[in-house]
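To start, the structure under review is shown below, and the notes come after it.
The values are calculated or read from the model by the stated rules, or taken from the named source; none is laboratory data. Not measured: the values here are computed from a predicted model. Heads up, the Cβs are rebuilt from the backbone with ideal geometry, glycines too, and the neighbour counts pull from every protein chain shown.
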Amino acid sequence: MSDQKEKHFKNRRQAGERLGKFLEPKYRSLKPVVLGIPLGGIEVGYYVSIALEAEFSAIISKKLPYPGNEKLAFGAASEQGESYITAMGINTLSTDVISKVVEGQFEEVEQRVKLYRKDASLPELKGRVVIIVDDCIASGSTIVPLITLCRKLDAAQVILATPVAGHNLDPNLNKADALEVLIQHPFFHSLDQAYEKNHIDHHKIMLMLNPVYQAQPRF
């Protein structure tokens, strides 16, 4: 087990390349579609898609910030009207408060779909293996509604993949068919623990989602 103060990856490219190499023997032949969660999951997912020779796009989810403590999430809202409320949210917030926060985040999700997919639909998921990639998973509550969404769209399998995760994960992640993690330890709680360079180049992110850029030879 790595020391909790150690940075596990130089940057997201290195993390994505290592994760792609890890996933390749099991998933490349299945011709999956790789979906990255903005922002960091797009860069990691892009390099995973290269290793798997897979179609690549973005999938959108936003955490539900707890009133008065926005760093704390009580669930997530995703595209196509999916949402997930944790037990903590249900037990401590009124239905009206929850609804107000969810509706606000649905608006943010719509804006992100317009930004990252130019308002286009998700790729066809029916009958396909879907690999959802994020740059880390601390609790994973943001991913739960995405699992539901992919099931609704008749994905054959829903795989979650990340370079680094903690141990205190939302139990509803078990609704996925598999969770693939390179490094997992009990003390992980923030991106700063994972990456030496935590800066995200938004221009590069937008390029990675451009079909013309994706069609170019990738090395």
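If we scan region 132-147, do we find a residue that is of a type outside the set (A, V, I, L, M), more than 15 Å from the chain's Cα centre (by Cα) and in the same structural domain as residue 56 (by TED's automatic domain parsing)?
Restricting attention to region 132-147, the residues satisfying the condition of being of a type outside the set (A, V, I, L, M) are 134-136, 139-142, 145.
Filter once more, so that each one left must be more than 15 Å from the chain's Cα centre (by Cα): none.
Looking for residues that are of a type outside the set (A, V, I, L, M), more than 15 Å from the chain's Cα centre (by Cα) and in the same structural domain as residue 56 (by TED's automatic domain parsing), one finds none in region 132-147, hence no.
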| note | Residue pairs qualifying under the 9 Å Cβ cut-off, at least six apart or on distinct chains, with the first in region 35-54 being farther than 10 Å from residue 13 by Cα and the second being assigned to a helix (DSSP H, G or I) and polar (S, T, N, Q), are 36/49; 49/214
| Where in region 125-219 are the strands (runs of 3 or more DSSP E), entirely inside, with at least 3 residues that are closer than 27 Å to residue 71 by Cβ and not aromatic (Phe, Trp, Tyr)? | 157-165, 178-184
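Which is surrounded by fewer than 17 Cβ atoms within 10 Å (Cβ to Cβ) and modelled with pLDDT under 95, of 215, 138?
Going through 215, 138 in turn, the sole match is 215.
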| task | Check 68, 81, 127 and return the single one that is out of contact with any Lys or Arg (no Cβ under 9 Å at 6 or more places or on another chain), in the same structural domain as residue 144 (by TED's automatic domain parsing) and at positive phi. | result | 127
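Only one residue in 51, 15 is small (Gly, Ala, Ser) and either modelled with pLDDT under 95 or over 24 Å from residue 141 (Cα atoms) (or both), so which one is that? Give the derivation first.
Working: 15 fails: either modelled with pLDDT under 95 or over 24 Å from residue 141 (Cα atoms) (or both).
Of 51, 15, the one residue that is small (Gly, Ala, Ser) and either modelled with pLDDT under 95 or over 24 Å from residue 141 (Cα atoms) (or both) is 51.
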| field | Candidates 181, 101, 133, filtered to the one that is modelled with pLDDT of 95 or more and more than 27 Å from residue 204 (Cα to Cα) | value | 101
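Where residues in region 40-84 are part of a helix (DSSP H, G or I) and aliphatic (A, V, I, L, M), which of them is nearest to residue 111 (Cα to Cα)?
Keep residues of region 40-84 that are part of a helix (DSSP H, G or I), which gives 40-52, 79-81.
This time we only want the ones that are aliphatic (A, V, I, L, M), so: 42, 44, 48, 50-52.
Numbers: 42: 16, 44: 22, 48: 25, 50: 27, 51: 30, 52: 29 Å.
If we take residues in region 40-84 being part of a helix (DSSP H, G or I) and aliphatic (A, V, I, L, M), then 42 is nearest to residue 111 (Cα to Cα).
Is it true that some residue in region 165-175 is touching a residue at least 40 places away in the same chain (Cβ under 8 Å) and out of contact with any helix residue (DSSP H, G or I) (no Cβ under 7 Å at 6 or more places or on another chain)? So that I can check it myself, show each step before the final result.
Filtering region 165-175 down to residues touching a residue at least 40 places away in the same chain (Cβ under 8 Å) leaves 170, 172.
From what is left, the residues that are out of contact with any helix residue (DSSP H, G or I) (no Cβ under 7 Å at 6 or more places or on another chain) are none.
No, that holds for no residue.
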